[in-house]
Amino acid sequence: MSLYCGITRRRKSFWCYRLLSTYLKEDDDACKKAQQTGTFYLFHNLAPLVQKSEHQYLESRFFKLLLLLGTFGQHMQTIEDSVLIGCSEQQEKPEMETELKGSFIGLRKALFQLNVKNASLLSTAQALLHWHDAHQFCSRSRQPTKKNVAGSKRVCPSNKIIYYPQMAPVVITLVSDGTQCLLVRQSSFPKGMYSALAGFCDNSLEEAIWREAAEEVGLEVERLQYSASQHWPFPNGTLMIACHATVKPGQTEIQVNLRELEAAAWFSHNEVATALRKDNPYFQQQNGAFPFWLPPPPTTTQVSHYPPADKRSGWKNQPVLSCLLSSDQAT
Ligand SMILES: NC(=O)C1=CN([C@@H]2O[C@H](COP(=O)(O)OP(=O)(O)OC[C@H]3O[C@@H](n4cnc5c(N)ncnc54)[C@H](OP(=O)(O)O)[C@@H]3O)[C@@H](O)[C@H]2O)C=CC1
Ligand SMILES: [Mg+2]
């Protein structure tokens with residue numbers, strides 16, 4: 001399955017539709033034909049639509065979509081012309097939510113509500129939509145770029161430069177001292193949530209892991225080991241590469257860099273295992289405190305769909321953070 005997303009000039013709302021094969025990216029006619037059997041997901045200002053009752057995304061077939069667009073004064077040309085479909089101005093958003101019995105909510109929140117498959121598709125879709133929105137003009141000629149039908153690239157008509165969507169490499173590292181693992185939280189995280197150390201790669205994975213550990217928690221790490229990777233939609237689409245690293249025994253003193261992190265601490269295997277079992281991340285204790293919790297597997301999402309899940313085994317089928325925190329590796 002490949003993913004196809006819609007963009008309009010008005011950049012207000014977005015439809016995404018899943019197609020059956022990657023060759024559709026290059027074959028415009030096949031791509032248009034496939035739209036008629038594709039599945040559509042609706043975005044508004046990059047916020048995916050989630051149906052309130054079942055916590056599922058709208059999936060709309062082609063003709064249902066045409067009817068819906070007609071209701072809101074849109075037409076067939078909108079689908080043919082572009083991947084990002086303008087459902088006009090903001091006043092239509094509430095009407096559309098009512099009509100569709102759902103809500104446009106932020107992607108981060110949506111990721112907490114949806115299953116792995118839908119979360120994965122929508123986060124990839126949102127990153128692609130965001131990329132199209134940010135690459136409307138050629139950086140050389142300053143002329144408007146034109147997307148191909150599938151939305152897999154944009155071309156400058158004047159100098160033929162092709163622009164492909166790109167992902168910034170990010171490394172996320174679970175640091176262990178042999179018995180405990182280091183988890184951190186940024187002030188922007190939801191209350192009580194911790195995760196592994198993360199940072200953008202400027203140079204190499206190794207350099208980024210050493211630098212992040214030194215800069216953010218004052219630790220010197222060694223024995224770096226690659227574990228898994230996934231697409232991550234924030235802030236603008238990243239390739240998140242998950243690794244393990246260790247500190248020397250006894251060299252575990254943390255110096256939290258408060259400009260980057262709110263807190264960092266060592267957690268035992270039992271604490272991590274208990275936190276992973278908590279299914280509702282938003283609960284609050286009676287004293288008003290938020291207990292320690294971790295992003296659950298469906299929220300860390302989207303290890304690649306290729307090969308299909310049934311052809312993968314073991315940790316390769318696990319989302320990145322779950323994989324890092326799996327029982328045999330966390331301690
Ligand atoms: N799934 C998870 O559990 C977690 C995921 N993450 C993800 O990991 C990634 C990195 O996290 P974070 O700790 O914030 O990263 P960093 O520790 O690298 O700090 C972020 C800063 O890096 C600078 N930077 C360098 N390159 C880029 C780039 N290509 N895009 C944006 N900023 C860049 C920016 O600084 P300046 O503004 O000064 O230029 C930015 O403020 C993010 O995508 C984040 O969403 C992070 C933690 C947990
Ligand atoms: Mg960081």
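Annotations
- For the stretch 182-234, the set of residues classified as assigned to a strand (DSSP E or B), without any contact (Cβ under 8 Å) to a residue 60 or more places away in the chain and more than 8 Å from ligand 1 (Cβ to nearest atom) consists of Val221, Glu222, Arg223, Leu224, Gln225, Tyr226, listed by residue number.
- Residues in the stretch 169-195 that are hydrophobic (A, V, I, L, M, F, W, C) and within 10 Å of ligand 2 (Cβ to nearest atom): Val170, Val171, Ile172, Val184.
- Of all the criteria given as (1) within 16 Å of ligand 2 (Cβ to nearest atom); (2) over 18 Å from the mean Cα position of the chain (by Cα), the one not satisfied by Cys201 is (2).
- Residue match in the stretch 118-125 (condition: assigned to a strand (DSSP E or B) and either in contact (Cβ under 8 Å) with a residue 12 or more places away in the chain or closer than 26 Å to Pro48 by Cβ (or both)): no
- Residue check for Ala214: surrounded by fewer than 22 Cβ atoms within 10 Å (Cβ to Cβ), near ligand 2 (Cβ under 10 Å from one of its atoms) and of a type in the set (A, V, I, L, M): no
- The set of residues in the stretch 224-234 being away from ligand 2 (no atom under 16 Å from the Cβ) and in contact with a strand residue (DSSP E or B) (Cβ under 8 Å, 6 or more places away or on another chain) consists of Leu224, Gln225, Tyr226, Ser227, Ala228, Ser229, Gln230, His231.
- Which numbered condition Pro165 misses (of (1) in contact (Cβ under 8 Å) with a residue 24 or more places away in the chain; (2) surrounded by 20 or more Cβ atoms within 10 Å (Cβ to Cβ); (3) within 25 Å of Asp27 (Cβ to Cβ)): (2)
- Flag if Asn257 is without any contact (Cβ under 8 Å) to a residue 24 or more places away in the chain, within 16 Å of ligand 1 (Cβ to nearest atom), farther than 30 Å from Asp28 by Cα and not assigned by TED's automatic domain parsing to the domain that holds Leu122: no
- Count of the stretch 110-128 residues which are within 22 Å of Lys33 (Cα to Cα) and at pLDDT 85 or above: 1
- The set of residues in the stretch 235-257 that are within 30 Å of Trp131 (Cβ to Cβ) and either among the polar types (S, T, N, Q) or assigned to a strand (DSSP E or B) (or both) comprises Asn236, Thr238, Leu239, Met240, Ile241, Ala242, Cys243.
- Residues satisfying the criterion are present in the stretch 235-242 (criterion: within 13 Å of ligand 2 (Cβ to nearest atom) and either polar (S, T, N, Q) or exposed (fewer than 15 other Cβ atoms within 10 Å of the Cβ) (or both)).
The values are calculated or read from the model by the stated rules, or taken from the named source; none is laboratory data. The structure displayed is predicted, hence computed values, not measured ones. Here Cβ is always computed from backbone atoms with ideal geometry, including for glycine, and neighbour counts include all displayed protein chains.
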